Amino acid sequence: MIVSDWRERADGLDEAYQIEARRARSLLHWDTEPNWRIVETARSKGHLPGRIVRDVHGRWHGWTFFLLHEGALQIGAFSSDSEAATDALVHDVLRSPEAARARRVMLFGFVAAPGLAERLRAEGFTVEPYLYLSARLGGRGADHAGLQTWGPDDVGDAAELLSAAYPGADPMRPFASEGRITEWVEYVRTLVEAEGCGRFLPQTTVTARHQVGRLDGLALVTQLDRDTAHLAQMAVRPEAQGRGLARRLLASARTRARREGCERMTLLVSTGNAPARALYDSLGFTLRAEFLSAARINPRG
Ligand SMILES: CC(C)(COP(=O)(O)OP(=O)(O)OC[C@H]1O[C@@H](n2cnc3c(N)ncnc32)[C@H](O)[C@@H]1OP(=O)(O)O)[C@@H](O)C(=O)NCCC(=O)NCCS
């Protein structure tokens, strides 16, 4: 196996993007073509490190890319066709100059790579699968009174609500893992301004405010494809939990998504998140695919 920097030799990459886009569309109902165009622009300008693994005959066996952001190396895509290719890529990425400068290394994605979870565990990562669930949006659901629609000034309040609902640091969390409020603000901005997790749908995003104006609940919705809405984030302030607020927010978001012409809603939930899994289960969400989340504190960082 020969691993090379994808900024130096990228023949075959168009086909690799197309394979990933087809896989995401058929299994996740997710149009990822715009994402791959962004990746390709960053790669061709030399801003995005990545690796391709080929055999001695030049045949492709896998690829990945990664980015060092605020001390965290984020592995953005990972694809391989064999354990040998997986091993070669993991070995090379973890010994890259970017990994040497990172405090943490994280991977979150819909990966097709034999042996990846085992290989990452052997390298000291904690690995947790995430479930990608989907539910049909049928009929004319109710839109609950007392709930509001997302407004342009909600970013700061949403970040504060999320920091309360996901308290503290959690190295395994694929977002705001250090728990700093600036991380939460950046995370919310990314959801509403960038398209990595689908195109933000403000009119489908539902909020709940306490009488004093504090944000108590949020169901943030994006669109992954013409007929697919995605619950990109869902949270209720701890003091307001256990009173049916998440159920109402989600029912309202589903009704609004249906009104926008969507036929299904998808979401990602960690296997360890029992309250959220029980909620989605009770609303008819079923398993469509598994994502992999992995993180480790870099021993050299
Ligand atoms: C998951 C979360 C949004 C639920 O909010 P909530 O307002 O407390 O939920 P509801 O009161 O509407 O409960 C709805 C259902 O969720 C499930 N549920 C909620 N809390 C639960 C708990 N502690 N244990 C088990 N199931 C629970 C139950 O199925 C419940 O239905 P029931 O009351 O008929 O039994 C909330 O716990 C939260 O914000 N958690 C932190 C952020 C998070 O994990 N978000 C989800 C990301 S995928």
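Please name all residue pairs, on different chains or six or more residues apart, with Cβ atoms under 8 Å, provided the first residue is in segment 275-292 and is more than 15 Å from Tyr130 (Cβ to Cβ) and of a type in the set (Gly, Ala, Ser) and the second residue is at pLDDT 95 or above and buried (at least 17 other Cβ atoms within 10 Å of the Cβ).
Gly284/Ala135
Please note which strands (runs of 3 or more DSSP E) are completely contained in segment 1-87 and include at least 1 residues that are touching a residue at least 40 places away in the same chain (Cβ under 8 Å) and over 18 Å from the mean Cα position of the chain (by Cα). Spell out how you get there, then give the answer.
Values: elements: 2-5, 50-54, 60-69, 72-80.
It comes to 2-5, 50-54, 60-69.
Which condition breaks for Gln203 when tested against (1) within 13 Å of the ligand (Cβ to nearest atom); (2) of a type outside the set (Gly, Ala, Ser); (3) assigned to a helix (DSSP H, G or I); (4) more than 19 Å from the chain's Cα centre (by Cα)?
(1)
Take the residues in segment 268-290 that are part of a strand (DSSP E or B) and either among the hydroxyl-bearing types (Ser, Thr, Tyr) or more than 12 Å from the ligand (Cβ to nearest atom) (or both); name whichever of them is farthest from Pro174 (Cα to Cα). Spell out how you get there, then give the answer.
Taking segment 268-290 and keeping what is part of a strand (DSSP E or B), we get 268-270, 286-290.
Narrowing further to those that are either among the hydroxyl-bearing types (Ser, Thr, Tyr) or more than 12 Å from the ligand (Cβ to nearest atom) (or both): 270, 286-290.
On the way: Ser270: 10, Thr286: 22, Leu287: 20, Arg288: 20, Ala289: 18, Glu290: 15 Å.
In this case the residue turns out to be Thr286.
State yes or no: is Met265 in contact with a strand residue (DSSP E or B) (Cβ under 7 Å, 6 or more places away or on another chain) and more than 12 Å from the ligand (Cβ to nearest atom)?
Working: in contact with a strand residue (DSSP E or B) (Cβ under 7 Å, 6 or more places away or on another chain): yes; more than 12 Å from the ligand (Cβ to nearest atom): yes.
So Met265 passes the test.
Scan segment 176-230 residue by residue and report those that are hydrophobic (A, V, I, L, M, F, W, C), surrounded by fewer than 15 Cβ atoms within 10 Å (Cβ to Cβ) and under 25 Å from Ala72 (Cα atoms).
Kept after step one, since they are hydrophobic (A, V, I, L, M, F, W, C), are these residues of segment 176-230: 176, 181, 184-185, 188, 191-192, 194, 197, 200-201, 206, 208, 212, 215, 218-221, 224, 229.
In the following step, the residues that additionally are surrounded by fewer than 15 Cβ atoms within 10 Å (Cβ to Cβ) were identified as 181, 194, 212.
Matches in segment 176-230: Ile181, Ala194.
The values are calculated or read from the model by the stated rules, or taken from the named source; none is laboratory data. Only a predicted model underlies this, so the values are computations on that prediction, with no experimental measurement involved. Methodologically, a virtual Cβ is constructed for each residue, glycine included, from the backbone with ideal geometry; neighbour enumeration extends over all protein chains shown.
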